[in-house]
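Working notes, beginning with the structure itself.
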Amino acid sequence: MSRERTADAYLRVSRRAGREGESFISPEMQRKKIADWAKLHEVEILEWWEEIDQSGAKLERPLFQQALARCEAGETGGIVVAKLDRFARSAVDALGAIRRLNDAGARLVSVEDNFDGSTPMGRFAIGILTLIAELELERIKESWTAAVSGAVERGVHISARPPTGYLRDENGRLIRDEPAASAVAELFRRRAGGASFRSLASWLDEQGIRPPTGNPHWSTSGVRQLLHNPVYLGQARSGKYVLEGAHEPLVSRADFDAAQATRTLLKAREGSIAGQALLGGLIRCAGCDHTLKIAGNTSKKTGERYPVYYCTGRYATGLCPARATIRASYVDQYVEEQVLAALRAEGGPIATAVAASQEIEQAAQAVSDAEHELDLFIGNPKLLSMLGEQKFLEGVEVRQRELDEARQRLAELRSQSALASGLADGDLLEAWPTLDLPERRRLLHGLLDRVVLRRADGRAKSGVPPAERTQIVLRGNELLEPGRA
């Protein structure tokens, strides 16, 4: 049989589950229409390509591409579909695929629309019908945008699942859900007090509060996302649409902002060995870049207990090649002296390090990129029909969360910048000696990115001054050089 008397049949269904009625053409109905046409026109169907849960708005459908490739290879005479929108929903994609068929000497036939794409009149008709399909997608997009903005205006929180601490009422608005709501409020207060994400995740598990995903345990990333979610301020939001006071807030603005600004610091008990160390959580080993641990040692002369920073040397990633250790008071005093000297210098490195840091610029760009990504996702007319409502909502939620996290990162950097400017001011500098150790530790965490300690080689450890072993790195990754003031 000649190639002109052969074709491949292509069948497609966007979403099969739960669909019925005149607008739904089942695979069985599509197959019958194509088989009847082939029998009437004495065309042999060589291959049947059937794709389920594939949107016509997506050109890169695997079986569709295989059918096109067979036409281009001369293995079949064309593609037959029951209806044109089974072939493509985009005018650009449809006409581009038809051009590939024409270049290969193959044709597209749409049975229900009763035309053949190999003729000029057929190509014209295909162009008109695909434009109509594209207009329908635009209508879906506009309807979706209107629905989203209208839902937010009514106070509806748009997400795949209600956030922890809330339930949805019959109108889709969020209502308080105990005991989870009280646990969420306590979570913000604990984070504002310096608790780590890991400890908060364990605390939620202990309270019997489960994540909205249905997972049995909380992850640190899940806790972080919860604490960054402005829904707990009473906001209903989706993309650029925001409504304040849409539902009962679980936290105050002050508690929310305090939780965002908190960096996890070493929470040392008063009077403990760790409580005597200024750089806990900041100081790292140059040999392996791990944070140094704190242990107690006893002076042989006086019997006094004092803290020591040390590298454990053994980690899941391997052994440290150059373990660093030092008495805490030696390096604490050195770092504090260098920081104070830099603060006293007019226009010194700390006064400008954070404010001029490229991190702020990069964080601002990250916010812009996240906003753009969310707008592109919501504004894409093909995604709703391609993904379905549930997957689309989940995609919106993920991108909104990424935007919230980017905004939080920018807020933290700007907060640290303001802290640096305030410290360079003189009043706070003069007050430094009156601050207790936890207050000084917190301020250093806001100013410094890390302190890096090298192992003391060649001489007795006590004979190597901290200046020869220590690097002080400011926020923004600028190195604070010894004596620079």
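The values are calculated or read from the model by the stated rules, or taken from the named source; none is laboratory data. Because the structure is a prediction, the values reported are computed rather than measured. Note that each Cβ is placed from the backbone with ideal geometry, even for glycine, and that neighbours are counted across all protein chains shown.
Summary table
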{"quantity": "Checklist (1) in a loop (DSSP other than H, G, I, E, B); (2) in contact with a strand residue (DSSP E or B) (Cβ under 7 Å, 6 or more places away or on another chain); (3) not aliphatic (A, V, I, L, M) applied to residue 300, failing item", "calculated": "(2)"}
{"quantity": "Identity of the residue in segment 244-260, modelled with pLDDT of 85 or more and among the acidic types (Asp, Glu), that ends up nearest to residue 174 (Cα to Cα)", "calculated": "248"}
{"quantity": "Residues that are outside any helix (DSSP H, G or I), in contact (Cβ under 8 Å) with a residue 60 or more places away in the chain and hydrophobic (A, V, I, L, M, F, W, C), drawn from segment 429-451", "calculated": "448, 451"}
{"quantity": "Condition met for residue 156 (closer than 22 Å to residue 29 by Cα, modelled with pLDDT of 80 or more and among the β-branched types (Val, Ile, Thr))", "calculated": "no"}
{"quantity": "Candidate set: segment 442-462, residues that are out of contact with any Gly (no Cβ under 7 Å at 6 or more places or on another chain), at pLDDT 75 or above and among the basic types (Lys, Arg); chosen: the one surrounded by the fewest Cβ atoms within 10 Å (Cβ to Cβ)", "calculated": "454"}
{"quantity": "Close pairs from segment 186-200: first touching a residue at least 60 places away in the same chain (Cβ under 8 Å) and within 13 Å of residue 225 (Cα to Cα), partner surrounded by fewer than 16 Cβ atoms within 10 Å (Cβ to Cβ) and of a type in the set (S, T, N, Q), Cβ under 7 Å, at least 6 apart", "calculated": "197/220"}
{"quantity": "Failed condition for residue 322, given (1) surrounded by fewer than 18 Cβ atoms within 10 Å (Cβ to Cβ); (2) in a helix (DSSP H, G or I); (3) at pLDDT 85 or above", "calculated": "(2)"}
{"quantity": "Neighbours by Cβ (under 9 Å, 6+ apart or cross-chain): first from segment 28-45, more than 9 Å from residue 111 (Cβ to Cβ) and modelled with pLDDT of 90 or more; second part of a helix (DSSP H, G or I) and of a type in the set (Val, Ile, Thr)", "calculated": "45/34"}
{"quantity": "Checklist (1) basic (Lys, Arg); (2) closer than 30 Å to residue 29 by Cα; (3) at pLDDT 75 or above applied to residue 176, failing item", "calculated": "(2)"}
{"quantity": "Given (1) buried (at least 17 other Cβ atoms within 10 Å of the Cβ); (2) at pLDDT 75 or above, index of the condition residue 89 fails", "calculated": "(2)"}
{"quantity": "Within segment 229-250, considering residues that are hydrophobic (A, V, I, L, M, F, W, C) and more than 18 Å from residue 401 (Cα to Cα), the one surrounded by the most Cβ atoms within 10 Å (Cβ to Cβ)", "calculated": "250"}
